[in-house]
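Down below is the structure, laid out as structure tokens.
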Amino acid sequence: MSLKSLFPTQIWTTQLPAAKASQLNSQLSKEAYAFRELDRAGKQWSKSNYDAGYTSYGTITDLPYRSPSFAGLKKVIDGEVKKYLKALRIAPPSGKIEMSTCWVNIMGRHCHHSFHLHPLSVISGTYYVQVPKGAGSFKIEDPRLGLFMGRPCQDNPFWSFQPKPGALLLFESWLRHEVPANQSDQDRISVSFNYDWVR
């Protein structure tokens, strides 16, 4: 008899060296607030849809082309995505996979992001700029949860990743995930992104 593990859910995590992360995050944090001040439409949308927070998801999604700091971050992410794709054995038959969108999130106290996924993308992820104590985790849902039917759910159907500044998390875009509420009085700042198949 044998037990086989089929169709595993694989995510990729890495941590930038402390010195490099500290220098990069200092600049990214300043620019995140600067983009928020400039982004009237994003602030207006966030006021109605992202309580106690700000996201440039619907307004400024090309950050690496607006800032050398975000361009430097993209270079780091590109390298990690390449390794992740190799581990997943994903190779498009034609074309390539490129970063299509990149946006910033500033989450104040009690700000959260409910379960969602990133339709039509291949790889998604988040880089963590500022994570104060109590800012919450990144929570992933077991993709089989909606198919269990009569099966008793004995194990925890969720997995939580507790990020630190300089952490990078990559996952396949179909995987449902959420960001629980920030319980800190300080802002949690992150940069999220999608990679799409480009012919």
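Considering only residues of the stretch 157-189 that are without any contact (Cβ under 8 Å) to a residue 60 or more places away in the chain, outside any strand (DSSP E or B) and under 15 Å from Phe115 (Cβ atoms), which is farthest from the chain's Cα centre (by Cα)? Ranking the candidates gives Pro157 first. Considering only residues in the stretch 51-101 that are part of a loop (DSSP other than H, G, I, E, B), under 15 Å from Trp197 (Cα atoms) and aliphatic (A, V, I, L, M), the one that is modelled with the lowest pLDDT turns out to be Ala91. The set of residues in the stretch 145-156 that are in a loop (DSSP other than H, G, I, E, B) and over 21 Å from Trp12 (Cα atoms) comprises Phe148, Met149, Gly150, Arg151, Pro152, Cys153, Gln154, Asp155. In the stretch 28-44, the count of residues that are closer than 30 Å to Leu88 by Cα and in contact (Cβ under 8 Å) with a residue 24 or more places away in the chain is one or more.
Of all residues in the stretch 137-155, one or more are surrounded by 19 or more Cβ atoms within 10 Å (Cβ to Cβ), touching a residue at least 40 places away in the same chain (Cβ under 8 Å) and under 30 Å from Glu98 (Cβ atoms). Contact map, the stretch 73-86: first residue in contact (Cβ under 8 Å) with a residue 60 or more places away in the chain, second residue of a type in the set (Val, Ile, Thr) and surrounded by 11 or more Cβ atoms within 10 Å (Cβ to Cβ), Cβ cut-off under 6 Å, separation 6 or more or different chains; pairs are Glu80/Thr14; Val81/Ile123.
The values are calculated or read from the model by the stated rules, or taken from the named source; none is laboratory data. Here the structure is a predicted model, which is why all the values come from computation and not from measurement. FYI the Cβ positions are ideal-geometry reconstructions off the backbone, even for glycines, and counts take in every protein chain you see.
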